[in-house]
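*Asks:* Dropping a structure here in structure tokens format, bear with me for questions.
The values are calculated or read from the model by the stated rules, or taken from the named source; none is laboratory data. What you are looking at is a predicted structure, and each value in this text was computed from that prediction instead of being measured. Cβ placement follows ideal geometry from the backbone for every residue including glycine, while neighbour counts extend to all protein chains displayed.
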Amino acid sequence: MGWQQTHRWRVHWFDKWERVLDDAVDSFPEHPHWPNVLLRILFEVPSPDRKTIALVLDHGVPIAMVGLRIRGDWYMPLSQYFIPDFLMVGKQELVGSVLMRLHVPLNVSWWRMLSEPPSSSRTVHTVRTRTAPHYVVDLTGDPEIHWRSSAHMKALRNIRNRCREFAFAVNPPGGAEWIIRNWSKHWKIGPEEIEDRIVAARYLEGLEKHYSLLLLDRGKVSAGTTFVVHRRELVALVTHRDESYDHYGTGTRLMDLAIQWAKQSGFQRLDLGTTQSYKGRWAPISSQQWVMLEICPELYYRIHQLTSYGRRLRGMLHDNKLARCVFGWMPRRIKDIVTTPHGEH
């Protein structure tokens, strides 16, 4: 455990879960969308990345707790990319202020947050905002109206007929793990957060906040997709299909069944996310801002910039014979500064 003072706030750092953290979590108001205990569950999942907990005190009173994974030179929230609006537990109106007071280099995805992200400052150095095509199925109406207008309905009827012998399953045992592991293999996702995703899915399925939907061929999984529940909406996470079933159109049939099931279950919208244009068959295009923040102490950020420039210069010199020749005449100390990786001085 370590600590640092920042104005009237004090930040204590923990590399393992301790009783004081349980006491703090119990003192916080419950998060509006997620159980506070989810932070401990994610923190205690084994991972190749080192994890740490920041407990923030105001005059000795706990006000917030942030779980972070350390990847390279940067820290990021434990739930990044798979649990929306869960950057910390504690007083949610302080999210931006807390993140800026941690004094570590943070990479944060501001995903489906109700509050506005902190604006650029001496601490918030990079705000990457991208408006991307976004696809959301309105479940309060008839989704097939859009399918007919986009000429998707004819192909869908043929696929329904081809897949008539397949079974649809919701949260079968091992379903989430099958989808997540196969998705990670297909896209060559590193192991750092895979176990976190699987453990979170199991826990949230028991609370009816996570759903794994699968299409089965006599018990064998042909396709699967996962969703998390956020503000009465289903939010798509990851999907995978067995490509040997592609001639059946199982991915399309699974999405068809998922939308029908979501509507019957009383959800208001199904958020398919952004980027892939095939989603336009299922929902009209809207737009959504995607925001990535780099929150970092000023001095650390400048040092990180300089070392990044040094690495790029080293690469340029390595690729250029003339530059290498000139570089060979540099005084040894200057050469060492340029070529030594960050953290090895």
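*Asks:* Tally time: how many residues in segment 195-210 are part of a helix (DSSP H, G or I), more than 15 Å from the chain's Cα centre (by Cα) and among the aliphatic types (A, V, I, L, M)?
*Replies:* So the answer is 1.
*Asks:* Considering only residues that are more than 22 Å from residue 263 (Cβ to Cβ), hydroxyl-bearing (Ser, Thr, Tyr) and not in a strand (DSSP E or B), which ones fall in segment 273-297?
*Replies:* Scanning segment 273-297 gives 275, 277.
*Asks:* If you take the residues of segment 206-229 that are among the charged types (D, E, K, R) and under 30 Å from residue 31 (Cβ atoms), which of them is surrounded by the fewest Cβ atoms within 10 Å (Cβ to Cβ)?
*Replies:* Among them, the one singled out is 208.
*Asks:* Then there's this: Of all residues in segment 230-249, which are crowded, with 16+ Cβ neighbours inside 10 Å, of a type outside the set (D, E, K, R) and farther than 23 Å from residue 269 by Cβ?
*Replies:* 240, 245, 248, 249 - these are the residues of segment 230-249 that are crowded, with 16+ Cβ neighbours inside 10 Å, of a type outside the set (D, E, K, R) and farther than 23 Å from residue 269 by Cβ.
*Asks:* Something else about it: Are there any pairs with C-beta distances below 6 angstrom linking a residue in segment 60-80 that is in the same structural domain as residue 20 (by TED's automatic domain parsing) and buried (at least 22 other Cβ atoms within 10 Å of the Cβ) to a residue that is β-branched (Val, Ile, Thr) and outside any loop (DSSP other than H, G, I, E, B), with the two at least 6 apart or on different chains, and if so which?
*Replies:* 64/56; 64/98; 65/89; 67/53; 68/52
*Asks:* Whether any residue in segment 168-183 is polar (S, T, N, Q), over 23 Å from residue 208 (Cβ atoms) and assigned by TED's automatic domain parsing to the domain that holds residue 263 is what I want to check.
*Replies:* yes
*Asks:* In this structure, does residue 165 turn out to be of a type in the set (D, E, K, R) and within 29 Å of residue 49 (Cβ to Cβ)?
*Replies:* The answer is no for residue 165.
*Asks:* While we're looking at this one, here's another question. What are the residues in segment 48-97 that are assigned to a strand (DSSP E or B), under 20 Å from residue 22 (Cβ atoms) and among the charged types (D, E, K, R), if any?
*Replies:* 51, 58
*Asks:* Every residue in segment 37-46 that is in contact with an Asp or Glu (Cβ under 6 Å, 6 or more places away or on another chain) and part of a loop (DSSP other than H, G, I, E, B), please.
*Replies:* Selection gives 45 alone.
*Asks:* Additional query: Give me the pairs: first residue in segment 253-278 and basic (Lys, Arg), second residue assigned to a helix (DSSP H, G or I), beta-carbon distance under 7 Å, and six or more apart or on different chains, which are they?
*Replies:* Taking only residues 6 or more apart or on different chains, the pairs are 253/159; 253/160.
*Asks:* Separate question: For segment 277-296, which positions are of a type outside the set (Lys, Arg) and under 21 Å from residue 154 (Cα atoms)?
*Replies:* Within segment 277-296, 277, 278, 280, 282, 283, 284, 285 qualify.
*Asks:* Against the conditions (1) of a type in the set (S, T, N, Q); (2) more than 28 Å from residue 236 (Cβ to Cβ); (3) over 22 Å from the mean Cα position of the chain (by Cα), where does residue 97 fall short? Just the number, please.
*Replies:* Among (1) of a type in the set (S, T, N, Q); (2) more than 28 Å from residue 236 (Cβ to Cβ); (3) over 22 Å from the mean Cα position of the chain (by Cα), the lone unmet condition for residue 97 is (3).
*Asks:* Evaluate the following for residue 266: is it outside any helix (DSSP H, G or I), in the same structural domain as residue 141 (by TED's automatic domain parsing) and farther than 24 Å from residue 80 by Cβ?
*Replies:* Taking the combined requirement at face value, the residue satisfies it.
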